[in-house]
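Student: Just passing along the structure, written as structure tokens.
The values are calculated or read from the model by the stated rules, or taken from the named source; none is laboratory data. Here the structure is a predicted model, which is why all the values come from computation and not from measurement. Neighbour counts are summed over all protein chains in view; Cβ atoms, including those assigned to glycine, are modelled from backbone coordinates with ideal geometry.
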Amino acid sequence: MNKNHRGNRTVLISGGSVAGPALAYWLHRHGFTPTIVERAPELRDGGYAVDFRGEALDVLDRMGLLAEIRALDTEMDDAAMVDAEGRQYATLPAVIFAGDLEVLKGDLTRKLYEATRQDVEYVFGDSIATLEQDADGVLVTFEHGAPPRRFDLVVGADGLHSRTRALAFGPEEEFVRHLGIYTGIFNLDNYLGLRNTGRLYAAPGKAANIFTARDNTEARAAFHFAADNLEYDRRDPAAQKRIIADRFATDGWEVPRLLEEMEAATEFFFDSNAQVEMDTWSAGRVVLLGDAGYCAGPTSGRGTSQALIGAYLLAGELAARGGDHTAAFAAYEHQMRPYVAEHQALGREGAERFFMPAPTQEILDTLAANAPENVRTEPVRLRDYTPSAAA
């Protein structure tokens, strides 16, 4: 280990969803001292289903979590597509849209928290206010009462609207590229009595879907609609629900009931589908991870996999280079760039065909041919950074 970098052991991670806890897990394994600050007052339990593919499964396996995560698989079989009058006209195999493994994001977040909470300091209900770098570290102040603290390194794993990115790199509009779709997701009872399946309603420029969750005891639903950049308060869910209600006010099928369920939902998430494009993911002692640095968009189906792989590579490179953050950040970025570029391209392609017409057999065959396991991608070659292997 380079003596000049032995002190780079304390790491503040902004964001407690997927990328942040995954990074904290590996940093602790490599002898670092990670701290996670999360804006939410407690674990976020909402969200949609997320997919795992390829090397992300390998990362879960190396974490010893793959079997536990597999036990939470949504086990979706297929989804029936219906038209504006509610008539079914196609059944879409789940393999077209899902990965090799699919779980609710809230379930994944809880598993990662359980795997790290004994070894990692979590600070809920707060967020970074300012960052002041010098030659020896970063002075961090917080928005909601936590006293200022110094850390050797800071990682922004705080999503598409990253506060860390704004502080260290510049305003959001310089990096976020809107894909022309907005989505609202919420929880509800499985009132349709679905079993390991879903329903997808399509109309010009919008869609709604519902699928089962947690052994069919619950359901999740979503509204999607095409729109240019909207101005709205990201911290006002009531206003966001009104936007959706206005867009779907005249639609049929189960839409009126779903709008009622949305109003009563205890878990609700609304955001644009977008990508983050940056020339570099690090600035001095600050580095970005996951959606904060290279969001591929929900239409890529790769966001969770990128977060897990990026966390593994970033922690591994910091360990392999003895805490030399400059070299480690460069190596991490070099390995992740090809993967991110390819899947951002998939995200853009997915957005372009998101509101597809009534599918002909030719369209279904094309989708199936481009399903995750049939797409030939250049894989990230994951080096074995695990401490036992290094020893």
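Student: Based on this model, can you work out whether residue 179 counts as crowded, with 20+ Cβ neighbours inside 10 Å and in contact (Cβ under 8 Å) with a residue 40 or more places away in the chain?
Tutor: Yes.
Student: Restricting the search to the range 118-136, which residues are charged (D, E, K, R) and either within 14 Å of residue 35 (Cβ to Cβ) or in contact (Cβ under 8 Å) with a residue 24 or more places away in the chain (or both)? Quick ask: steps written out before the conclusion?
Tutor: As a first pass, look at the range 118-136 and keep what is charged (D, E, K, R): 119, 121, 126, 132, 134, 136.
Once the filter is applied, which keeps residues that are charged (D, E, K, R) and either within 14 Å of residue 35 (Cβ to Cβ) or in contact (Cβ under 8 Å) with a residue 24 or more places away in the chain (or both), the range 118-136 yields 119, 121, 126, 136.
Student: Show the residue pairs that are 6+ apart or on different chains and have beta-carbon atoms under 6 Å apart, the first residue being within the range 318-346 and farther than 17 Å from residue 382 by Cβ, the second being assigned to a helix (DSSP H, G or I).
Tutor: 322/5; 323/5; 324/5; 346/300
Student: Give me the pairs, please: first residue somewhere in the range 256-277 and touching a residue at least 40 places away in the same chain (Cβ under 8 Å) and surrounded by 18 or more Cβ atoms within 10 Å (Cβ to Cβ), second residue anywhere and of a type in the set (Asp, Glu) and part of a helix (DSSP H, G or I), beta-carbon distance under 7 Å, and either six or more positions apart or on two chains.
Tutor: 276/291
Student: Still on this structure: Those residues that are under 21 Å from the mean Cα position of the chain (by Cα) and surrounded by 17 or more Cβ atoms within 10 Å (Cβ to Cβ), I need them from the range 279-294; list them, please.
Tutor: 281, 282, 286, 287, 288, 289, 290, 291, 292, 293, 294
Student: Inside the range 214-235, can you point out the residues that are surrounded by 14 or more Cβ atoms within 10 Å (Cβ to Cβ) and of a type in the set (A, V, I, L, M, F, W, C)?
Tutor: Within the range 214-235, 219, 221, 222, 223, 225, 226, 227 meet the criteria.
Student: Can you tell me which residue in the range 49-61 is nearest to residue 220 (Cα to Cα), limited to those that are of a type outside the set (Asp, Glu) and buried (at least 19 other Cβ atoms within 10 Å of the Cβ)? Talk me through it step by step, then tell me what you get.
Tutor: Going through the range 49-61, the residues of a type outside the set (Asp, Glu) turn out to be 49-50, 52-54, 56-57, 59-60.
Those still in the list that are buried (at least 19 other Cβ atoms within 10 Å of the Cβ) too: 49-50, 52-54, 56, 59-60.
Numbers: 49: 9, 50: 12, 52: 19, 53: 22, 54: 26, 56: 24, 59: 27, 60: 25 Å.
Among those that are of a type outside the set (Asp, Glu) and buried (at least 19 other Cβ atoms within 10 Å of the Cβ), it is 49.
Student: For the range 172-186, check the following and say yes or no: at least one residue is of a type in the set (Lys, Arg), under 27 Å from residue 60 (Cβ atoms) and within 24 Å of the chain's Cα centre (by Cα).
Tutor: No - not one qualifying residue is present in the range 172-186.
Student: Go through the range 188-212 and give me each residue that's of a type in the set (Gly, Ala, Ser) and closer than 16 Å to residue 250 by Cα.
Tutor: Result: 202, 203, 205, 207, 208.
Student: Looking only at residues that are assigned to a helix (DSSP H, G or I) and in contact with a helix residue (DSSP H, G or I) (Cβ under 6 Å, 6 or more places away or on another chain) in the range 324-342, which one is farthest from residue 56 (Cα to Cα)?
Tutor: 328
Student: Can I ask one more? Strands (runs of 3 or more DSSP E) wholly in the range 124-205 with at least 1 residues that are within 30 Å of residue 258 (Cα to Cα) - which ones? Outline the logic, then answer.
Tutor: Values: elements: 128-134, 137-142, 149-151, 153-156, 176-188, 197-203.
So the answer is 176-188, 197-203.
Student: Take residues that are of a type outside the set (Val, Ile, Thr), at pLDDT 90 or above and within 17 Å of the chain's Cα centre (by Cα) and tell me which of the helices (runs of 4 or more DSSP H) falling wholly in the range 19-75 contain 1 or more.
Tutor: By residue number, 19-29, 55-62.
Student: Another question, if that's okay. Just to be sure I understand the filter: pairs with C-beta atoms under 7 Å, separated by 6 or more residues or on different chains, first member in the range 137-157 and closer than 20 Å to residue 9 by Cα, second member aromatic (Phe, Trp, Tyr) and at pLDDT 95 or above. Which pairs pass?
Tutor: 137/151; 138/151; 140/151
Student: Further question on the same structure: For the structure I just gave you, tell me whether residue 318 is of a type in the set (A, V, I, L, M, F, W, C) and under 12 Å from the mean Cα position of the chain (by Cα).
Tutor: Spelling it out, it is not the case that residue 318 is of a type in the set (A, V, I, L, M, F, W, C) and under 12 Å from the mean Cα position of the chain (by Cα).
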